[in-house]
Amino acid sequence: MAFYSVFLEAIPAYTGLSPVAFFTTLALMVGVYHLVCALFVSDPPPPNATSRSAMEMMSMPVNLEPVQLGDVTEEELRAYDGSDPTKPLLMAIKGQIYDVTRSRMFYGPGGHYALFAGRDASRALALMSFDPKDLTGDIEGLSPSELETLQDWEYKFMEKYVTVGQIVEKKEKREGDVNGKESENSSTENLNGGDVEVKR
Ligand code: HEM
């Protein structure tokens, strides 16, 4: 009881409010707090929802192992530019195709070097150029120092990434293809999402 009367006397001493005004203000503040929480703060997700999405992510078919593709035309390589998240990210230098999937932050959609994905970027790298016209494997007319720059890039890629194939001329022009059609064992079918021909 003594504590209660000391408490009631302390309220006006510390707040300048009568006990009735103090408790009314306190009740109003608690009410406003709950109202704001109800309006703007969403409930946390139920625990099983969180674990379900984690499970879904874990069961996603993510293939981190580079897959050998063998011969690929520049046109076919385009399919590996990161627009299809189920396909690896590939990039070529001097006709050699590298799996750069592990550097998705560079070459994936929105990455600084996304323009190189699905391309032979030899000319762009030699010239240190982001110009779309230089996104080609054509290295004709490059100066010795530009070729040296390209060589440095090639060494870097050979060290860092796995080679998964090589760029070939259009398959119509390949030996044994007399009708101008793609040969039966061309890898087009494989590249479009099916089984992949393993050459090594
Ligand atoms: C202001 C100019 C530039 C800056 C500050 C810059 C900076 C960087 C940095 C910090 C990295 C990451 C290096 C690493 O962690 O391994 C990188 C990677 C890279 N840069 Fe640049 N860069 C510039 C210009 C260019 C240009 C002009 C090109 C080619 C046209 C280029 C091509 C690349 C490539 C291909 C990679 C990724 C290499 C890999 O896969 O490991 N960069 N750059």
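How much FRET efficiency would the formula 1/(1 + (r/R0)^6) give for ARG78 and SER145, where r is the Cβ-Cβ distance and R0 is 35 Å, rounded to 0.05?
That gives a FRET efficiency of 0.70.
Quick one: which residues, 5+ away or cross-chain, put their amide H under 5 Å from the amide H of ASP71? H built at 1.01 Å from N.
GLN166
What is the magnitude of the charge dipole of segment 59-165 about its Cα centre, with +1 placed on the Cβ of each Lys and Arg, -1 on the Cβ of each Asp and Glu, and no other charges, expressed in debye to the nearest 20?
420 debye
So what's the net charge close to LEU142: Lys and Arg +1, Asp and Glu -1, counting the other residues with Cβ under 12 Å from its Cβ?
-3
Coordinate-derived values only; no laboratory data. As the structure is a prediction and not an experimental result, all values here were calculated from the model. Counting neighbours? That spans all protein chains shown, and the Cβs are built from the backbone with ideal geometry, glycine included.
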